[in-house]
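Novice: Dropping the structure in here first, questions after.
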Amino acid sequence: MTEGKGEWTLIALEAEDGHRIYRIRLEPPAGVEKEVFGENVIIEWKFGEGIPDKPTAAAMFAFEEYMEPVNDQAKHSLLVHVYTGSGIREWCYYTKSYDEFMAALNVALRGKPRFPIEILHDHDPTWSYWSGIKGYAQGK
């Protein structure tokens, strides 16, 4: 199943290990140069197996709401996909500066509950990680 939502597309797949849901941009936003946003930041929340239960999903929704100020391409970063399945939810951002991203993340989450997340970072000026996820989600 694929459903377009403006800049975002929702893709649901059935894989060997269960349901997978991708909320993904199929193209970078207008005016975004990949090389300028050359740092990839992955935030992972491991929750068990399959799809999160209702309380976990609610906490993930709250986390994403708290992170909304970080998703600001005019300043430093943008969210390009959210993946859920196989016991993981993953938010993928591309940013101009990892240090600025982390500073914005710390401001956004200051005073909020502690979330069970892991943060991964890589230099990826061609957006190869996102391209691979997009290709998989589209069956290419």
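The values are calculated or read from the model by the stated rules, or taken from the named source; none is laboratory data. Just so it is clear, the model here is predicted, and its values are computed rather than measured. Methodologically, a virtual Cβ is constructed for each residue, glycine included, from the backbone with ideal geometry; neighbour enumeration extends over all protein chains shown. Accessible surface is based on the protein model in full, side chains and every heavy atom, while ligands, DNA and RNA are left aside. Shrake-Rupley method; radii C 1.70, N 1.55, O 1.52, S 1.80 Å.
Novice: If you only keep lysine pairs separated by 8 or more in sequence, or across chains, how many in the chain come under 26 Å at the Cα atoms?
Specialist: The number of close lysine pairs in the chain is 19.
Novice: I need the calculated FRET efficiency for the pair residue 8 and residue 75, taking r as the beta carbon distance and R₀ as 22 Å, to the nearest 0.05.
Specialist: Efficiency, rounded to the nearest 0.05: 0.65.
Novice: Here's another thing I want to ask about it. Under the definition of Cα pairs under 8 Å and six or more residues apart, what whole-number percent is the relative contact order of the chain?
Specialist: Answer for the chain is 31 percent.
Novice: How big is the dipole moment of the chain about its Cα centre under a simple scheme where the beta carbon of each Lys and Arg is +1, that of each Asp and Glu is -1, and everything else is neutral? Debye, nearest 20, please. The partial results should precede the final answer.
Specialist: Values: 15 positive and 22 negative charges, 55 e Å.
I would put it at about 260 debye.
Novice: Next question, about the same structure. I want to verify a result. In a Gaussian network model of the chain, Cα cutoff 10 Å, which of these has the top mean-square fluctuation: 86, 128, 97?
Specialist: With Cα springs under 10 Å in the chain, the top fluctuation among 86, 128, 97 is at 128.
Novice: Now for a different question. Rounded, prolate or oblate, given the Cα gyration tensor of the chain, with a/c below 1.5 counting as rounded?
Specialist: Taking the square roots of the gyration eigenvalues as a ≥ b ≥ c, the chain is oblate.
Novice: Choose one answer from 12, 74, 104: the residue with the largest mean-square fluctuation in a GNM of the chain with alpha-carbon springs under 10 Å.
Specialist: 74
Novice: Using a 1.4 Å probe on the protein heavy atoms only, what accessible surface does residue 53 show? Give it in Å² to the nearest 10.
Specialist: Estimated to the nearest 10 Å², residue 53 gives 90 Å².
Novice: Right, something else. Given R₀ = 35 Å, what would the calculated FRET efficiency be for residue 99 paired with residue 30, taking r from the Cβ atoms and rounding to 0.05?
Specialist: Numbers: r = 26 Å, r/R0 = 0.75.
Calculated value: 0.85.
Novice: Another one. Given a Förster radius of 25 Å and the C-beta distance between residue 15 and residue 122 as r, what FRET efficiency does 1/(1 + (r/R0)^6) yield to the nearest 0.05?
Specialist: Working: r = 24 Å, r/R0 = 0.96.
Here the calculated transfer efficiency is 0.55.
Novice: Ok, one more. Quick check: residue separation of residue 62 and residue 109 times 0.36 nm, minus the Cα distance between them. What number comes out in nm?
Specialist: Here the answer is 15.9 nm.
Novice: Residue farthest toward the positive end of the dipole of the range 1-83, with Cβ of Lys/Arg at +1 and Asp/Glu at -1: which of 70, 11, 24?
Specialist: Highest projection toward the positive end goes to 70.
Novice: I would also like to ask the following. Averaged over every viewing direction, what's the projected area of the C-alpha convex hull for the range 70-120? Give it in nm², one decimal, please.
Specialist: Its Cα hull, projected and averaged over all orientations, spans 3.9 nm².
Novice: For the chain, what is the mean residue ellipticity at 222 nm derived from helices alone (per DSSP H run of n ≥ 4: -39500 (n - 2.57); sum divided by total residues; nearest 500 deg cm²/dmol)? List each step's numbers first, then the result.
Specialist: On the way: 3 runs with 36 residues, N = 140.
Calculated at 222 nm, the ellipticity per residue is -8000 deg cm²/dmol.
Novice: Springs between alpha-carbon pairs under 10 angstrom, Gaussian network model over the chain: which of 50, 85, 38 fluctuates most?
Specialist: Judging by the Gaussian network model, the answer is 50.
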